[in-house]
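Q: I'd like to ask some things about the structure below.
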Amino acid sequence: MSLLVFIREYAKLQGTKSMCHEGDCGVCIVSVTFKNKTIAVNSCLVPVLICDKWDIYTIEGIGNKCDGYHTFQAVLAKKNGSLCGYCSSGMVMNMYSLGIGTSNLSMEQIENSFAGNLCRCTGYRAILDAFKGFATDAPPSLVKDVHDIEESYQIKPCRKFGIPCTQSCYNKLSDGKTMLSIKLEDASFYKVSTIETLFTLLNNNPQATYILNGGNTAHGVYPLSKKDMYIDINDIPDFHQISKTDFGIAIGGGLTLTTALQTFQKYSNDTGFKYLNQLAEHIEMIANIPVRNIGTIAGNLMIKYEHNEFPSDLFVILETVEAEVHILQTPSKKLRLKLWEFLKMDMHHKIISNIFLLSHRDNYYVCRFYKVMPRAQNARAHVNAGFFFKIDIDGKVYDYPNIIFGGINKDFIHARKTEQMLLNKSVFDKKVLESSLQTLHNELLLDNVPPDFSQKFHSVLAEGLLYKFLLSIKPQNVDAFYRSGGTLLKRGLSSGTQEYDTNINLWPVNKPMPKLEALAQTSGEVQYCSDLGPYPGEVFCAFVVAEISKGQIDKIDADQVLQMKGVVAFFSAKDIAGMNLCISAASKLTFLPENEILFAEKDVLYAGQPVGVIVAETHKLANEAAKLVEITYKGPPKKEPIITIDDAINANDKTRMRQNAYVPAKKKVIDEPPLCLSCVIPIAIRKALNSARRDSGNKDLWYQLSKF
């Protein structure tokens, strides 16, 4: 059971919302205080049983209409930062945790701290303006707004000091040293505090499947299957140690990514460790702050171990700088491996103890990391890369370089041939640069894993990152025309203004004011459909979907699922009394070539197509049961699916072609393109058309293409 389920269904605190269950949207964020620090966490990812000794604050606890509102709640409401309001409680709790856990906040820190909070309504400007007023470098206008709002609203006072509550005082809790054991319905939970106890537990259960719980954030990337044992290892002090010598730094595998980032920043000014600043900057691009707050180093590496195709940023940067991973086989026996060797290791009953980062002479090494992703924050990489070169003043690579890529294929780590090719050559030589790019192009063995982008897309990205790195080594040697290719674009602090006129003679009509329900939304007091209590006889449904993109359904077997306690029924196309219809092709509101059916009957038209629906007593059970329905398939579909424009043209499918308008030309014009109200031109033809238009001597080709 997750902390979110406990908060909403058992504690009945509906202000904490539920949505993605993957740690991406931020509506479930709560504030947690433990080990003398306050952080934001995604309650949907945290197992409730690992919350022992945590002080957990929800939106209701920091302010409400009875006790008074917290300043963050009041400011967000007054500054119009809440529209539908579903994300507002998560926004407030994220800012609350940030304000309590961090001193002297800057506007940049505040802006960069909301990568894990999604809002579909506001565009974020109003939200950021509201919270930036609490920054030490905030302009006077924003600071004044905060003070005015505090005077206008009843702010919840601290019971101890009589000032606005900061929740900075709490009771210190004792640390348990004995193993905690809880028997669950179909598994067991253990909380251990020593390495010896952990190995004893594993050895006593040699056949049991298990998960070592750190932060459990892996569940947001790859949903975890049920195990026999769940073991909380967060209280083992050995996994949280940090030690530094002149030769290197050892950091415990149980440390969170946030702690790792802070550690790298702390030691990045020490001789031999300046490259740690590059690692810290790249860790800031991993997931979001609430995930990094509890996600551990060992946990991230184990995702890569279990799913080699996962483009782990942490794996890339550690392998790039030649870090070692130390693995415990027994409490007293430790293995030291390179990261790539660790992936080939049998990790059953073995534990990642720590990571060791070597000291490197600062003036001789060039270290860079890159990540190409669909968004600037909180996104998995399309391709990520790390480069670590030992270079002299003339650009000669005089030690074996490291060129690491993620997102190429599950087995590709080092660009070995390119590394070998660059050894003892000058990267400032144009021919060497061209040769290195060609060598990399030839050795990239790409996977085409739908729905990811094409192999060519990944190849071009990887080659582009190598080119960018080589340009960045010594920009003054690069022609000014190409120099910007070696730099990374830095986005400045966002800002926005909104100006409008208002006629005071018409007030209160058109008078600017917060909406009536704003405070109820920012305090989590508004009820949404998902917050309503259960009604008598209420049930929940979940689609059973096809797992293939095209084929024929042979059999759907839900017999075993229907035996599960709490599962009520299963319905498919054969159970529909009338027409199996979702949207009719006859509808004037849509353009459909044929009826869109509700449930697949024989042919599977696309992956994820509903084939039926499970009905159960709880939402969680419905989703779990839907995945257990067995569907068997046979052969290809009777009719090949038409997916692209070319497919429709080649099949001469007139039902998929519709003329929106016809405007006859009044005169023949060659020098200008025709005006089209509605047309579709394949990309290749469009490129050729634009090329022909630019070529003044090729008007005939342009005319022929434009007719197409």
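Q: Could you go through the range 94-103 in sequence order and give the Karplus-derived ³J(HN,Hα) for each residue, using 6.51 cos²θ - 1.76 cosθ + 1.60 with θ = phi - 60°, rounded to whole Hz, and x for Gly and Pro?
A: In residue order, the calculated couplings are 5, 5, 4, 5, 5, x, 6, x, 10, 9 Hz.
Q: Multiply the residue gap between ASN595 and ASP270 by 0.36 nm, knock off their C-alpha separation, and tell me the result in nm, one decimal place.
A: My answer for the length gained is 110.2 nm.
Q: While we're looking at this one, here's another question. Between the range 2-25 and the range 604-629, what's the alpha-carbon centroid distance in Å?
A: 22
Q: Once Cα Rg over 2.2 N^0.38 Å is worked out from the coordinates, which option in (1) 1.03; (2) 2.11; (3) 1.11 does it equal?
A: The value computed from this structure is option (3).
Q: Still on this structure: Mind listing the long-range amide H neighbours of VAL568? Cut-off is under 5 Å, sequence gap 5 or more, other chains count too, H placed in the peptide plane at 1.01 Å from N.
A: For VAL568, the qualifying residues are VAL615, ALA616, GLU617.
Q: Please give the net charge around HIS326, taking every other residue with its beta carbon less than 10 angstrom from that of HIS326, where Lys and Arg add +1 and Asp and Glu add -1.
A: +1
Q: Select from HIS349, ILE645, ALA558 the residue farthest towards the positive end of the dipole of the chain; place +1 on Cβ of Lys and Arg, -1 on Cβ of Asp and Glu, and compute about the Cα centre.
A: ILE645
Q: Starting from the range 300-353, pick out the trypsin sites (Lys or Arg not before Pro) whose DSSP state is loop and whose Cβ has at most 11 other Cβ atoms within 10 Å.
A: Those that pass, being in a loop and sparsely packed, are LYS344.
Q: Okay, next question. Dipole of the range 237-478 (Lys/Arg Cβ +1, Asp/Glu Cβ -1, origin at the Cα centre): which of THR418, LEU301, HIS360 lies farthest to the positive side?
A: Checking the options against the dipole of the range 237-478, the answer is HIS360.
Q: A further question on this structure: Could you derive backbone 3J(HN,Hα) for the range 351-359 from the dihedral phi with the Karplus parameters 6.51, -1.76 and 1.60 (θ = phi - 60°), listing whole Hz in sequence and x where the residue is Gly or Pro?
A: So the Karplus estimates, Gly and Pro as x, are 10, 6, 7, 7, 10, 10, 10, 6, 7 Hz.
Q: Can I ask one more? Check ASN64: other-chain or 5+ apart residues with amide H under 5 Å from its amide H, H built from backbone geometry?
A: Here the answer is TYR69, HIS70, since their amide H atoms fall under 5 Å of that of ASN64.
Q: With r defined as the distance between the Cβ atoms of ASN36 and GLN498 and R0 fixed at 45 Å, what FRET efficiency is calculated, to the nearest 0.05?
A: Calculated transfer efficiency: 0.60.
Q: Would you list THR522, THR256, THR439 from fewest to most Cβ contacts within 10 Å?
A: THR439, THR256, THR522
Q: How much length is gained on full extension from GLU281 to LYS474, taking 0.36 nm per residue of separation minus their Cα-Cα distance?
A: Length gained between GLU281 and LYS474: 67.4 nm.
Q: Give me HIS147, HIS326 sorted ascending by neighbouring Cβ count inside 10 Å, so fewest comes first.
A: HIS147, HIS326
Q: What whole-number distance in Å separates the alpha-carbon centres of the range 277-333 and the range 134-149?
A: The two parts, judged by their Cα centres, are 39 Å apart.
Q: Now a separate question. Through the Karplus equation 6.51 cos²θ - 1.76 cosθ + 1.60, θ set to phi - 60°, convert the phi angles of the range 555-567 into ³J(HN,Hα) values in whole Hz; use x for Gly and Pro.
A: So the Karplus estimates, Gly and Pro as x, are 7, 10, 10, 10, 4, 5, 5, 5, 7, 5, 5, x, 7 Hz.
Q: How do the peptides 41-53, 267-279 rank, highest first, by the average count of neighbouring beta carbon atoms within 10 Å per residue? Intermediate values should be presented prior to the final figure.
A: Values: 41-53: 22.1, 267-279: 17.7.
Top to bottom by mean Cβ count within 10 Å: 41-53, 267-279.
Q: Here is a follow-up. Simple spin-label model, 7 Å along Cα-to-Cβ: SER141 to ALA379 in nm?
A: It works out to 3.1 nm between the two label points.
Q: Would you mind checking the radius of gyration and Dmax of the range 540-633 based on alpha-carbon positions, in Å?
A: Considering the range 540-633 through its Cα atoms, Rg and Dmax are 14.1, 44 Å.
Q: For the chain, give the magnitude of the charge dipole about the Cα centre (Cβ charges: +1 Lys/Arg, -1 Asp/Glu; no others), in debye to the nearest 20.
A: My answer is approximately 1220 debye.
Q: What does the net charge come to around LEU519 if you take all other residues with beta carbon closer than 9 Å to its beta carbon, with K and R at +1 and D and E at -1?
A: Net of charged neighbours comes to 0.
Q: Give me the log10 of I(q) over I(0) for the range 237-478 at q = 0.09, 0.10, 0.11, 0.15 Å⁻¹, as the Debye formula computes it from C-alpha points; what are the numbers?
A: Here log10 of I(q) over I(0) equals -0.38, -0.47, -0.57, -1.08.
Q: Using a 10 Å Cβ count of at most 10 others and DSSP loop calls, identify the longest part of the chain lacking such GluC sites (Glu not before Pro).
A: Numbers: sites that count: GLU185, GLU499, GLU538, GLU594.
That gives 186-498 as the longest site-free run.
Q: Give me the number: length gained by fully extending MET513 to HIS349, i.e. 0.36 nm times residue separation minus the C-alpha to C-alpha distance, one decimal in nm.
A: Fully extending the segment from MET513 to HIS349 adds 52.9 nm.
Q: Separation between the ARG483 and THR655 pseudo-spin-labels, each 7 Å from Cα along Cα→Cβ, expressed in nm?
A: A separation of 6.1 nm, rounded to one decimal place.
Q: Still on this structure, please answer the following. Given H placed on each backbone N at 1.01 Å, which residues far from VAL604 in sequence or on other chains put an amide H within less than 5 Å of it?
A: Those lying under 5 Å, H to H, from VAL604 are GLY551, GLN552, ILE553.
Read-outs throughout are calculated quantities, based only on the coordinates presented, and are distinct from any laboratory measurement. Note that this is a predicted model, so its numbers are computed, not measured. Methodologically, a virtual Cβ is constructed for each residue, glycine included, from the backbone with ideal geometry; neighbour enumeration extends over all protein chains shown.
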